[in-house]
Amino acid sequence: MSLKSTLAIPFAKKITKKVYKWAYNPHETQQKVFNKLIKTAKKTAFGKDHNFDKITTYSDFKKQVKVTDYEGLRIYVDRIIAGENDVLWKGKPLYFAKTSGTTSGAKYIPITKESMPTHIKAAKEALLFYIAEKNDASFVDGKMIFLQGSPVLEMLNGIKIGRLSGIVAHYVPQYLLNNRLPSWETNCLEDWDTKVNAIVEETINEDMSVISGIPSWVQMYFEKLIYKTGKTISEIFPNFNFFIYGGVNFEPYKNKFEALIGKKIEYIELYPASEGFIAYQDSQKAQGMLLQLNSGIFYEFIPANEFFDENPNRISIEDVRLGVNYVIILNTNAGLWGYNIGDTIEFTSLLPYRIKVTGRIKHFISAFGEHVIGKEVEKALNDAITGTKTSVSEFTVAPQVNPSEGLPYHEWFIEFENEGGSTKELASKIESSMQQQNSYYFDLIEGKILQPLIIRKVKKGGFHEYMKSIGKFGGQNKIPQLSDNRKIAEVLQDFLKDESFHQK
């Protein structure tokens, strides 16, 4: 091992011990964050409008600040864009992370000098926890690749604008720069196909030890490498032993990944968002990701099944329970207040607090009152393919309310990498898991309101073609695993194989 990798081990153990100090003292840690946020923002426009000078407790805060989303804060963001100071947070943001909106078009999420370091620190700590647990840092001697958006930034009234992953690219530690790929020039390429092809050329003869990115786009990179060399990823990169990912539930795709890689590897899951770095996996032995309670974010939680009620129960970390699906609400040192990022989570541990992402509060199917969520469809598919040779590249689910004949049903669009058995058997297993998980769905099937699911086979590469057709190919764009309408399903009809299967 090099001197760098040797020194990394004691450093990693020192940092992990420091992290666990606050992680095992969670309530006091969150109270300190809350107090600092309120104190710092008292003189901002938002603080004045919401009587921050009168807030001393969380109960006070809930009375003054309502749960909102980007649209609810947009009048304040627009004032920042126009050049005003001290609006949501003191001074001006360093950056706006530009993300895709729905009703509002592009969204501009502020990142401040206080919040920016937390994005970098959390990603670094995730690697340090891995080093400390494994007592091995040899991977730092190899090359590392992070598939991300372009680091080219625009400027608006003195504030830099770009994708979060592109902004973060400007903060790669100096000691990693010589190990980092792709080159700056390649990273700046906007066209995703061109970019991935260039990355293949730059990395194909390198000793890659760390690879990171959204699984669907890393999969594309792997497939191009295999097509060019005729070898598995582990043959091309023998020292590649773990993959860093975030943004999706990886379980349904694990079979496909390990087939491409050619061996079993380990994984580090991250939960980064433009609004803040929320959690990371701190152990290969424990389920879930360590919630970042000491990173300038005060968290609130609303039970998902109450979220659309007139007065939902809104709680702090002290009152959460295991096994409950919560909508996560953020209050941050970037000036986001009562902010619903749209994600649902579940706690896997209460000391320390660890979570797993279960889906999106807007991504559900309840066309018939079934209340199906992302966690359920992901588990159903994973249950069905576990122990088989079937692997899936991508999938999504939508309701079919008005079929041309027969009862309504849930329509599963699946792009298979490998079909290890009959589609009939797969559909039966998915159906069984869905009925076991969701009593509403079970009752609708039993009551002959719904017929069992239909699988539609998407042709190979079909989801990529779909993403290209809607202008969201590459980068941080992801396919929703389910939706309560037919917008995605209708377009996907153009990317199907000739065959599909109706589960009887």
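The values are calculated or read from the model by the stated rules, or taken from the named source; none is laboratory data. The shown structure was predicted, so the numbers you read here are calculated from the model rather than taken from an experiment. Note: ideal-geometry Cβ built from the backbone for every residue, glycine included; neighbour counts use all protein chains shown. When the accessible area is computed, the model is the full protein with side chains, heavy atoms only, and any ligands, DNA or RNA have been set aside. Shrake-Rupley method; radii C 1.70, N 1.55, O 1.52, S 1.80 Å.
All told, S295 falls short of being in contact (Cβ under 8 Å) with a residue 40 or more places away in the chain, open to solvent by 10 Å² or more (accessible area, probe 1.4 Å) and in a loop (DSSP other than H, G, I, E, B). In the stretch 55-73, the residue that is farthest from the chain's Cα centre (by Cα) out of those that are open to solvent by 70 Å² or more (accessible area, probe 1.4 Å) and at pLDDT 95 or above is T56. Could you say which residue among A169, A132, A123 is over 14 Å from N241 (Cβ atoms) and more than 21 Å from the chain's Cα centre (by Cα)? After ruling out the rest, the residue left standing is A132. Candidates in the stretch 33-50 are the residues that are without any contact (Cβ under 8 Å) to a residue 24 or more places away in the chain and either touching a Lys or Arg at 6+ places or on another chain (Cβ under 9 Å) or crowded, with 18+ Cβ neighbours inside 10 Å (or both); of these, the one that is farthest from A334 (Cα to Cα) is K48.
Pick out the one residue from G296, G323, G288, G335 that is on the phi > 0 side of the Ramachandran plot and touching a Pro at 6+ places or on another chain (Cβ under 6 Å). Break it down into steps so the answer makes sense when it comes.
Numbers: G296 fails: touching a Pro at 6+ places or on another chain (Cβ under 6 Å); G323 fails: touching a Pro at 6+ places or on another chain (Cβ under 6 Å); G288 fails: touching a Pro at 6+ places or on another chain (Cβ under 6 Å).
When all the criteria are applied, what remains is G335.
Taking the criterion of being farther than 30 Å from N85 by Cα and either charged (D, E, K, R) or not in a helix (DSSP H, G or I) (or both), the residues of the stretch 1-53 that qualify are M1, S2, K4, K13, K14, K17, K18, K21, Y24, N25, E28. Hey, any hits in the stretch 415-432 for a residue that's within 23 Å of the chain's Cα centre (by Cα) and crowded, with 20+ Cβ neighbours inside 10 Å? Yes, the stretch 415-432 contains a residue that is within 23 Å of the chain's Cα centre (by Cα) and crowded, with 20+ Cβ neighbours inside 10 Å. For the stretch 366-387, filtering for residues that are part of a loop (DSSP other than H, G, I, E, B) and farther than 23 Å from V218 by Cβ leaves 7. Scanning the stretch 84-115 for residues that are modelled with pLDDT of 95 or more, part of a loop (DSSP other than H, G, I, E, B), open to solvent by less than 30 Å² (accessible area, probe 1.4 Å) and in contact with a Phe, Trp or Tyr (Cβ under 8 Å, 6 or more places away or on another chain) returns V87, L88, T112. With respect to I145, determine if the residue is more than 23 Å from the chain's Cα centre (by Cα), open to solvent by less than 60 Å² (accessible area, probe 1.4 Å) and not hydroxyl-bearing (S, T, Y). So I145 does not fit the description; no. Does E306 fit the bill of being within 22 Å of D60 (Cα to Cα) and modelled with pLDDT under 95? Taking the combined requirement at face value, the residue satisfies it. Under the condition of being out of contact with any Phe, Trp or Tyr (no Cβ under 6 Å at 6 or more places or on another chain), surrounded by fewer than 24 Cβ atoms within 10 Å (Cβ to Cβ) and aromatic (F, W, Y), the residues counted in the stretch 298-340 number 2.
Applying a threshold of 9 Å to beta carbon distances and a minimum spacing of six or more residues, or different chains, the list of pairs starting in the stretch 6-32 at a residue that is in contact (Cβ under 8 Å) with a residue 40 or more places away in the chain and closer than 14 Å to D282 by Cβ and ending at one that is open to solvent by 90 Å² or more (accessible area, probe 1.4 Å) and not in a helix (DSSP H, G or I) reads A23/L351; Y24/L351; P26/L351. Residues satisfying the criterion are present in the stretch 361-370 (criterion: of a type outside the set (S, T, N, Q), open to solvent by 50 Å² or more (accessible area, probe 1.4 Å) and under 22 Å from K66 (Cα atoms)).
Checked against the criterion of being surrounded by 19 or more Cβ atoms within 10 Å (Cβ to Cβ), aliphatic (A, V, I, L, M), more than 14 Å from the chain's Cα centre (by Cα) and under 30 Å from Y227 (Cβ atoms), the candidates I244, I261 yield just one match: I261. Kindly indicate the residue of the stretch 197-223 that is free of Cβ contacts under 8 Å to residues at least 60 places away in the same chain and farther than 19 Å from V392 by Cβ and also surrounded by the fewest Cβ atoms within 10 Å (Cβ to Cβ) among those meeting that condition. Looking at residues that are free of Cβ contacts under 8 Å to residues at least 60 places away in the same chain and farther than 19 Å from V392 by Cβ, I get N205. Search the stretch 66-83 for residues being in a helix (DSSP H, G or I) and basic (K, R), and hand back the single one that is nearest to N331 (Cα to Cα). Here the residue is R74. Does the stretch 341-353 hold any residues that are over 15 Å from V327 (Cβ atoms) and buried (at least 21 other Cβ atoms within 10 Å of the Cβ), and which are they? Answer for the stretch 341-353, where residues must be over 15 Å from V327 (Cβ atoms) and buried (at least 21 other Cβ atoms within 10 Å of the Cβ): just Y353.
Residue-by-condition table, conditions (1) in contact (Cβ under 8 Å) with a residue 12 or more places away in the chain; (2) part of a helix (DSSP H, G or I); (3) more than 30 Å from R79 (Cα to Cα); (4) of a type outside the set (D, E):
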{"residue": "G149", "(1), (2), (3), (4)": "yes, no, no, yes"}
{"residue": "V152", "(1), (2), (3), (4)": "yes, no, no, yes"}
{"residue": "I161", "(1), (2), (3), (4)": "yes, no, no, yes"}
{"residue": "I167", "(1), (2), (3), (4)": "yes, yes, no, yes"}
{"residue": "H170", "(1), (2), (3), (4)": "yes, yes, no, yes"}
{"residue": "T186", "(1), (2), (3), (4)": "yes, yes, yes, yes"}
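Within the stretch 446-463, the set of residues being assigned to a helix (DSSP H, G or I) and surrounded by fewer than 19 Cβ atoms within 10 Å (Cβ to Cβ) comprises just one member, E446. All of (1) open to solvent by less than 20 Å² (accessible area, probe 1.4 Å); (2) touching a Phe, Trp or Tyr at 6+ places or on another chain (Cβ under 9 Å); (3) closer than 24 Å to N25 by Cα hold for Q284 with one exception: (1).
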